[in-house]
Amino acid sequence: MDALRRENVYTINDIYALPDGERAELIDGKIYYMDPPNTKHQRLVSDLHYQIKDFIRKNNGECEVFPAPFAVFLNQEDTNYVEPDISVICDENKITDKGCNGAPDWIIEIVSPGNKAMDYFTKLFKYRAADVREYWIVDPAKETVMVYRFEKETMEEYSFGEDVPVGIYDGFSIKIQ
């Protein structure tokens, strides 16, 4: 028997081979299965998507906003595939029929009880390494928003009900209720 046991390294093809209705993300060749979101989660996604899309439209912005499920291929490797709750992409050349090739400019993840470590640690480091400009972690249980502006190397925490400034857009802030 091998003294060194190797773990399976999965690829995007394994994600595409999942049974219909089963959702998962792939980070560094490891599959992370996703639980169905609850109602509060979906209300937050819907509200955030609406506010961002409305701001972009009213300001003739060139960025596009996509709610999950929307495929993001963070890099050229076939061992990384994520579906952020909200993805804002400002480079139209990254958008294809399959999703986003490369890092979105702004990602928002809404924490579910079963995925805290994914959002606060695994994805935080993965998104930073992939050159995402801004990353928000919205935590309904704590009623907080952690805002990471990687370009400026800042991190700020806001409470629900406060205006949260959007780093990639001057003059735009979001209030999460």
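Values in this text are rule-based calculations from the coordinates and carry no lab data. Treat the numbers as computed from the prediction; the structure is a model and nothing was measured. Counting neighbours? That spans all protein chains shown, and the Cβs are built from the backbone with ideal geometry, glycine included.
Descriptive notes on the structure:
- Here each label is just a point 7 Å from Cα along the line to Cβ, and for Tyr120 and Asn13 those points are 3.8 nm apart.
- Residues Ile110, Ile27 arranged by fewest to most Cβ contacts within 10 Å: Ile27, Ile110
- Extension gain for Lys175 to Lys152 (0.36 nm times residue separation, less C-alpha to C-alpha distance): 6.1 nm.
- Per-residue ³J(HN,Hα) for the stretch 74-87, Karplus 6.51 cos²θ - 1.76 cosθ + 1.60, θ = phi - 60°, Hz, x for Gly and Pro: 4, 8, 6, 5, 9, 10, 9, 7, 10, 10, x, 5, 9, 10
- Working note: Karplus 6.51/-1.76/1.60 with θ = phi - 60° gives the stretch 99-115 the couplings x, 10, 9, x, 6, x, 6, 9, 10, 10, 10, 9, 5, 9, x, x, 10 Hz, where Gly and Pro are set to x.
- Three-way shape call for the stretch 97-173 based on the alpha-carbon gyration tensor, with the a/c threshold at 1.5: oblate
- Least to most buried among Cys90, Cys63 (fewest other Cβ within 10 Å first): Cys90, Cys63
- Cβ-isolated cysteines (cut-off 4.7 Å), the chain: Cys100
- Sparse-neighbourhood loop sites, GluC sites (Glu not before Pro) in the stretch 1-105 - DSSP loop, at most 12 other Cβ within 10 angstrom: Glu7, Glu22, Glu62
- The chain: calculated mean residue ellipticity at 222 nm from DSSP helix runs of at least 4, using -39500 (n - 2.57): -5500 deg cm²/dmol
- Cβ-based exposure ranking for Ile137, Ile15, Ile52, in which fewest neighbours within 10 Å come first: Ile15, Ile137, Ile52
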